[in-house]
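Asks: Quick one: this structure, given as structure tokens, is what I'll be asking you about.
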Amino acid sequence: MTESLKLTVDKRDGVAVVYTDGYINNQGGEEIAKVAYDLLDEGYRALLLNLAGTKIVNSIGISILIEIIEKMIEVEGKLAFCNLTPTIDKTFHIMGLAQYTSIFEDETEAVTHLTG
Amino acid sequence: MAVLKEVELTLNLAPEMEVEACEKACAVAEFMAMSPDRVDEVRMAVIEACINAIEHSSAEDGHLHIHIAVVGDGKPEALQVTVRDQGVGFDPEKLVQPKIEEKLKAQRKRGWGLKIIEGLMDQVRIETGADGTAVIMCKKLVEPRSASG
């Protein structure tokens, strides 16, 4: 069995960075959503998902990420992703996610965008 | 093209079996010296095909049948992965192409599996009927447009 997804949150001035480590499936997606919605409740309106520790995702997990994107649009917040593997990046483009969220190669670039 | 090497795998139709299946497919892809990025694309496509079967097939035998083959004329040219179930099948005519702008507003945000598989693999064929569904996916060893260059 695969290990469950581990999440680490770094709360900074104006942006919260969520680091994922492991498989983003339905369970992993739900865990990310819970953390994201808790951060929104705390007042954060700029979230960065750093997927450097994630090599596998599935469409159920990504569907939950779409729910987060929808929520961020609703609250007029900003959501970005960084450090995607080429395949996850390609998958996000196939699905059209790149039109509704921002994707960056590295964290520095993403944080600059979110706090700028 | 001839089958140069093949592996058969039968798994329970249960959550996370998709990871077992993709590990085997990726091991064969690595054996034929496919590039890491292309191996990753095979991984994702196999995961999606397995998840579709696990979630929708309702197969009475409770199994997922995977056939992994290295094919080519004398030397490895492509990896072919078939994910087969003996479930209820589906009507391909009723499949709706998911669109992000619609999914964002919809209650149900899922239904991306086939679109992802088709986007990541070089050839995809689906055979479905009352005796089950087979998703037959092919990934060339080298990216088609760079094969001659």
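Asks: Report, as an integer, the average count of C-beta atoms from other chains found within 10 Å of each Cβ along A:57-64.
Replies: Mean shielding by partner chains, rounded to a whole number: 6.
Asks: Could you name the aspartates and glutamates in cross-link range of A:K78, using Cα to Cα under 13 Å and dropping any fewer than eight places away on the same chain?
Replies: Straight-line reach from A:K78, under 13 Å: A:E70.
Asks: Also, I was wondering about something else. Report the calculated FRET efficiency for A:N26 and B:A27 (r = Cβ-Cβ distance, R0 = 22 Å), to the nearest 0.05. Spell out each step's value before the answer.
Replies: On the way: r = 25 Å, r/R0 = 1.15.
For A:N26 and B:A27, the calculated efficiency is 0.30.
Asks: Work out the mean other chain Cβ neighbour count within 10 Å for the residues of B:9-22 and drop it here as an integer. Please list the in-between numbers first.
Replies: Details: counts 0, 0, 0, 0, 0, 0, 4, 5, 1, 5, 6, 2, 0, 2.
So the per-residue partner count for this stretch is 2.
Asks: Further question: For the stretch B:2-143, give the magnitude of the charge dipole about the Cα centre (Cβ charges: +1 Lys/Arg, -1 Asp/Glu; no others), in debye to the nearest 20.
Replies: It comes to approximately 460 debye.
Asks: Can you find, among A:I56, A:L40, A:T8, the residue farthest towards the positive end of the dipole of the stretch A:6-87? Put +1 on the C-beta of Lys and Arg, -1 on that of Asp and Glu.
Replies: A:I56
Asks: With the dipole of chain B worked out from charges on the C-beta (+1 for Lys and Arg, -1 for Asp and Glu) around the Cα centre, which of B:H56, B:A106, B:V135 lies farthest toward the positive end?
Replies: Checking the options against the dipole of chain B, the answer is B:A106.
Asks: Next up: Treating the beta-carbon of each Lys and Arg as +1 and of each Asp and Glu as -1, no other charges, what is the dipole magnitude of the stretch A:6-87 about its Cα centre, to the nearest 20 debye?
Replies: 280 debye
Asks: For labels at A:A52 and B:D131 in the simple 7 Å Cα→Cβ model, what's the distance in nm?
Replies: Simple spin-label model gives 5.3 nm for this pair.
Asks: What fraction of the DSSP beta bridges in the protein assembly as shown is antiparallel, stated in percent and rounded to the nearest 5?
Replies: Working: 39 of 53 bridges.
Roughly 75 percent of the beta bridges in the protein assembly as shown run antiparallel, per DSSP.
Asks: Counting Lys +1, Arg +1, Asp -1, Glu -1, what net charge surrounds A:K90 among other residues with beta carbon under 10 Å of its beta carbon?
Replies: Combined, the nearby Lys, Arg, Asp and Glu give -4.
Asks: Something else about it: From the helices alone, meaning DSSP H stretches of at least four residues, give me the mean residue ellipticity at 222 nm for chain A, per-run term -39500 (n - 2.57), in deg cm²/dmol to the nearest 500. The partial results should precede the final answer.
Replies: Details: 4 runs with 51 residues, N = 116.
Result for chain A: -14000 deg cm²/dmol, rounded to the nearest 500.
Asks: In straight Cα distance, which lysines are under 28 Å from B:K140, not counting same-chain residues fewer than 8 positions off?
Replies: List returned: A:K55, A:K90, B:K5, B:K24, B:K75, B:K99, B:K115.
Asks: Still on this structure, I have one more. Using per-residue counts of other Cβ atoms within 10 Å, averaged over each peptide, order B:38-48, A:13-23 from highest down.
Replies: B:38-48, A:13-23
Asks: Under a point spin-label approximation (7 Å from Cα along Cα-to-Cβ), what is the B:E93-B:D61 distance to one decimal in nm?
Replies: Going by the 7 Å Cα→Cβ label model, 2.9 nm.
Coordinate-derived values only; no laboratory data. Because the structure is predicted, anything quoted here is derived from the model rather than measured. Every residue, glycine as well, gets a Cβ built from its backbone with ideal geometry; the counts of neighbours run over all protein chains shown.
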